[in-house]
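Notes for the one structure printed next.
Each reported figure results from applying straightforward, stated rules to the coordinates on display, with no laboratory input. Just so you know, these numbers come straight off a predicted model, no measurement behind them. Cβ sites come from the backbone with ideal geometry, for glycine too, and all protein chains shown count toward neighbours.
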Amino acid sequence: MTELFVRIPEDRLAVLIGVGGVAKKAIEDRSGAHLEIDTADGSVRITSPPDSDPWGALKARDAVVAIGRGFSPERALRLLTGENYITVLNMREVTGKRDKNAVRRIRSRLIGEKGKARERLEELSGCSISIYGYHVAIIGSAEELERGTRALTMLLRGSEHATVFGYLAGERQRSVREEIEP
């Protein structure tokens, strides 16, 4: 039997459970794992039966982490299909800035006016991006994560939006060319 533990912020527990338990059930049905949620401390115990593939429990853990980092259940379920992964960046570690106001400004740069910068980052990288607290979570394939992580790191370290979007557009064109050419 596989057994994993995760803690998520208490304000994200209701999202993990979903209305009538629908989000929790979707994760359990698609992963084959069982979730036990302790609403008192935000801990989640993830188990899979002894005769099942432990990969399901690992994928369920990733979906729980994604919801805990601000993703909707629908976006987090992307982790349970295909070769999708999650990575989480700590804005304070990447930028070296600890001041709340500095991090707030940086978070605003990532989101952009009315969310347009985040939407553009998602469109060009192919990733799903969530900005929650001091963290930026990214969901995507290995190639998408590489592009998305690099682009977000560039923005976090002060690169202009145009430079980052240009990098992503170039990477996407290169990727398309590689798919066409053997």
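Overview of results
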| read-out | value |
| --- | --- |
| Sorted by Cβ density within 10 Å, fewest first, the residues Arg78, Arg92, Arg104, Arg45 | Arg104, Arg45, Arg92, Arg78 |
| Highest average packing first - 64-70, 17-23, Cβ atoms within 10 Å | 64-70, 17-23 |
| Estimated 222 nm signal from helices in the chain, with DSSP H stretches of n ≥ 4 weighted -39500 (n - 2.57), rounded to 500 | -15500 deg cm²/dmol |
| Charge dipole (the chain, unit charges on Cβ, about Cα centre) - positive-most of Ser48, Phe165, Leu58 | Phe165 |
| Stretch gain in nm, segment Arg172-Arg7, where the contour uses 0.36 nm per residue and the Cα spacing is subtracted | 55.9 nm |
| Contact order normalised by residue count of region 67-157, Cα under 8 Å, 6+ apart, percent | 38 |
| Under the Karplus curve 6.51 cos²θ - 1.76 cosθ + 1.60, θ = phi - 60°, whole-Hz ³J(HN,Hα) for region 129-138, x wherever Gly or Pro sits | 10, 10, 10, 9, x, 9, 10, 10, 9, 10 |
| Contact order relative to length of the chain, as percent, for alpha carbon pairs under 8 angstrom and 6 or more apart | 18 |
| Region 59-136-region 142-182 distance, computed between alpha-carbon centres (Å) | 16 |
| Theoretical gain in end-to-end length, Arg30 to Glu179 [0.36 nm per residue, Cα-Cα removed] | 50.6 nm |
| Most positive-pole-ward Cα, His135, Ser175, Leu155, against dipole of the chain from beta carbon charges | Leu155 |
| Region 114-182: trypsin sites (Lys or Arg not before Pro) in DSSP loop, at most 15 other beta carbons within 10 Å | Arg157 |
| Spin-label pair Ser72/Ala142, simplified geometry with 7 Å Cα→Cβ offset, distance in nm | 3.0 |
| Label-point separation in nm, Val22 to Ser52, each point 7 Å along Cα→Cβ | 2.2 |
| Ranked list, fewest to most other Cβ atoms within 10 Å of each Cβ, for Ser108, Ser159 | Ser108, Ser159 |
| Check: the chain dipole with +1 on Lys, Arg Cβ and -1 on Asp, Glu Cβ, in debye | 1020 |
| Per-residue Cβ neighbour rank within 10 angstrom, fewest leading, Val88, Val136, Val103 | Val88, Val103, Val136 |
